[in-house]
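Here is the structure we will look at, set down as structure tokens.
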Amino acid sequence: MEKFSDTHFRQQFPILKSRVNGHALVYFDNAATTQKPACVIERYQEYYQQSNANVHRASHALSASATADYESARKRVKSLINANAEEEIIWTKGSTESINLVAQSWGRTTLQPGDEIVLSYSEHHANIVPWQIVAKQTGATIKVLPLGKTGQIAIADLEGYIGERTRIVCVGHISNVIGRVNPIKEVIRVAKKHQALTLIDGAQAIAHLKVDVKDLDCDFYVFSAHKMYGPTGIGVLYGKRALLDKMPPYQAGGEMIKTVSFEQTTFNQLPHKFEAGTPNIAGVIAFGSALEFLEQQDHLGLVAYENALTSYCFSELSSIPTLKFLVDEAPDIPLFSFTLPGHHNHDIAAALDSVGIAVRAGHHCTMPLMQYLNVAGCIRLSLSAYNSVQEIDFVIEQLKKLTQTVITGSKLASLSLDNKAASFSSPEIARLTVDDIYSMFAKAKSWDSKHREIMLLGKKQLPMAVENKTPLSLIAGCESHAWLVSDINAAGVYRFQADSEAKVIRGLLAIILAAVDNKTAAEIHAFDMNNYFSDLGLLQHLSPSRGNGVRAIVHKIQQLITE
Ligand code: PMP
């Protein structure tokens, strides 16, 4: 499968024509960030080429033009969410900053000991941690709304959680893991009954639903441009004017003041009061283009298409016998979270990546939700209106293959290792040398086959004895649990043992250990791990986005040999 159905909508996104690891890109990580249409990319460049100037300040033509475009994006947001006034639209870096702004500006100055902040179990960390911080600062406490079987906020007992002491209720419109529309109107109704404010985290909803803040009657609504085809580093805080007016500035500096003297400073009006310093002008203007692009689409057509993708993908995923969805029933948007028992989530994501499929695996910045649902993490496929049925078919085919096949082949398959735990006296780990690794990878030309070799190494690595898997041996910074222990002999030669829950990490550990095992500290320091990975064609595993695990392993080795 090389070419996916080219709808007019899809054609606007140049990146979707690219190839990844030798395969046509299948981008199913839209909940993390969507791709950008050509008009947004071009607008960004055009701004810097033709009208770069600071906004609101200078009295020259370029500044006037930049200011007009910047403010016209604000107007578009106002009409997108049906706010009352442009003053109610505050530019931020994203949903995260919008929530922090409310927590610090409103929360820190209003909350008192005994006051309650109500969240739900499905919140993203961005809608938990800012509230924990302000709760600590003010003496307020946090209450958490439970979820029903379908993963939505349970409304049966809202009054058991939202009451007289509640000052604010902050919940997601759609969770980034569950993909179902929460009953936020009911939550807002109950909050209002108790004179509590409401903040709705719309990060996942805004790209899929028509949001009307007047109809919702929420006090705050937040979202990020990058999840709705706009650039990164731009977000929105909507707030009711009367509230924003009363709230003190969040950050201070230029732009947010009216007058400054050493005796007294007065603050600017809304929305500038909350926009200290030179903003992300190019980002706002390019976001304006994303909004214009969306205005030009047949919204109902896109929604119908997304709904069709949702039902199709749900029924196809349901046909994989071992697949376990995190919650019951189909999601409301094309976002699917599941596990494949017997396979580590990261192994599945890495295997899909090797054939060009981008998905996300892990806790998805919702650790409390993972604990609540009693899973360590999950795999998430999140689609957009530019994805296709053929792409779904391709992913399903790969998932079926992965759950059915056992990796075989390569010289390591012939090694028959006992099913016992490794110990420092067992030689198996040290059997592999850097030369062995080089010769394995010399034959593996494509990314698929390199990935296959890594998985094979992972599979053949002896497990570490349980008693060695302690908090001390845990490698901090690896998203999947991984452990490393060392031993040193009288001659100063180190032996290492390592293990991980994920085969892909076990494989990477084997590659790294081949380079450091049976060496002295000086020899280990002298070894250039970057070169080694580069020679093996594995630099992708060292890139900033994917290399944290590898870097954490290397860091742990360095720590162990300098202790
Ligand atoms: N809330 C939810 C539900 C999200 O999915 C995200 C992003 N994953 C955020 C908040 C934070 O958004 P940002 O990183 O753009 O600030």
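Every number in this text was worked out from the coordinates using simple rules, so none of it is lab data. Owing to the predicted nature of the structure, the values given are computational and were not obtained by experimental measurement. Here the Cβ positions follow ideal geometry from the backbone for every residue, glycine too, while neighbour counts run over all protein chains shown.
For this structure, a couple of remarks:
- Among 101, 386, 89 the positive-end extreme of the charge dipole of the chain (Cβ point charges): 101
- Residue 292-residue 269 pseudo-label distance in nm [points 7 Å out on the Cα-to-Cβ vector]: 2.7
- Backbone N within the stretch 279-318 under 12 Å of label point (7 Å from residue 5 Cα along the Cβ vector): 305-310, 312-313
- FRET E, pair residue 112, residue 251, Förster distance 25 Å, beta-carbon r, rounded to 0.05: 0.55
- Length-normalised contact order of the stretch 41-295 in % [C-alpha pairs under 8 Å, at least 6 apart]: 24
- Tensor-based shape of the chain (alpha-carbon gyration tensor, a/c under 1.5 rounded, otherwise prolate or oblate): prolate
- For the stretch 161-198 and the stretch 498-512, distance of Cα centres in Å: 43
- Once the C-beta distance of residue 57 and residue 371 is scaled by a Förster radius of 60 Å, the resulting FRET efficiency is 0.80 to the nearest 0.05.
- Global form of the stretch 261-357, assessed from the alpha-carbon gyration tensor, a/c cut-off 1.5: prolate
- Only Lys, Arg (+1) and Asp, Glu (-1) charged, at Cβ; the chain dipole about Cα centre in debye: 240
- Coupling constants for the stretch 156-162 follow from the phi torsions by the Karplus curve (6.51 cos²θ - 1.76 cosθ + 1.60, θ = phi - 60°), and in residue order they are 4, 10, 4, 5, x, 10, 9 Hz; glycine and proline get x.
- Distance violations [Cα-Cα > 19 Å] among 149/400; 185/324; 469/556; 36/240; 214/240: 149/400; 185/324; 36/240
- For the chain, the relative contact order works out to 15 percent when only alpha carbon pairs closer than 8 Å and six or more residues apart are counted.
- DSSP beta bridges in the chain [antiparallel fraction, %, rounded to 5]: 65
- Where a label projected 7 Å from the Cα of residue 324 along Cα→Cβ would reach, residues of the stretch 376-406 with amide N under 12 Å: 376-378
- Once the Cβ-Cβ distance of residue 149 and residue 402 is raised to the sixth power relative to R0 = 30 Å, the FRET efficiency obtained is 0.60.
- The orientation-averaged projection of the convex hull spanning the C-alpha atoms of the stretch 118-237 amounts to 7.4 square nanometres.
- Counting DSSP beta bridges with both ends in the stretch 41-295, the antiparallel % (nearest 5): 45
- The stretch 1-80: GluC sites (Glu not before Pro) in DSSP loop, at most 16 other beta carbons within 10 Å: 2
- If the segment from residue 141 to residue 439 were pulled out straight at 0.36 nm per residue, it would be longer than the present Cα-Cα gap by 101.4 nm.
- Only Lys, Arg, Asp and Glu carry charge here, each on its Cβ (+1 for the first two, -1 for the last two); on that basis the stretch 41-295 has a dipole of about 340 debye about its Cα centre.
- Dipole of the stretch 431-515, positive direction: furthest Cα of 464, 442, 488, with charges on the beta-carbon: 442
- Placed amide H near residue 464: partners under 5 Å, 5+ positions off or other chain: 422
- Database remark: amide H of residue 197 closer than 5 angstrom to the amide H of 168, 169 (H placed geometrically; neighbours at sequence offset of 5 or more, or on other chains; Pro and chain starts carry no H).
- Computed log₁₀ I(q)/I(0) - Debye formula, equal Cα scatterers, no solvent, the stretch 41-295, q 0.09 Å⁻¹: -0.40
- Projected label points at residue 466 and residue 19, each 7 Å from Cα along the beta carbon direction, are separated by 4.8 nanometres.
- For peptides 136-146, 462-472, sequence by mean Cβ density within 10 Å, most packed first: 136-146, 462-472
- Alpha-carbon centroid distance for the pair the stretch 366-392 / the stretch 208-275, whole angstrom: 31
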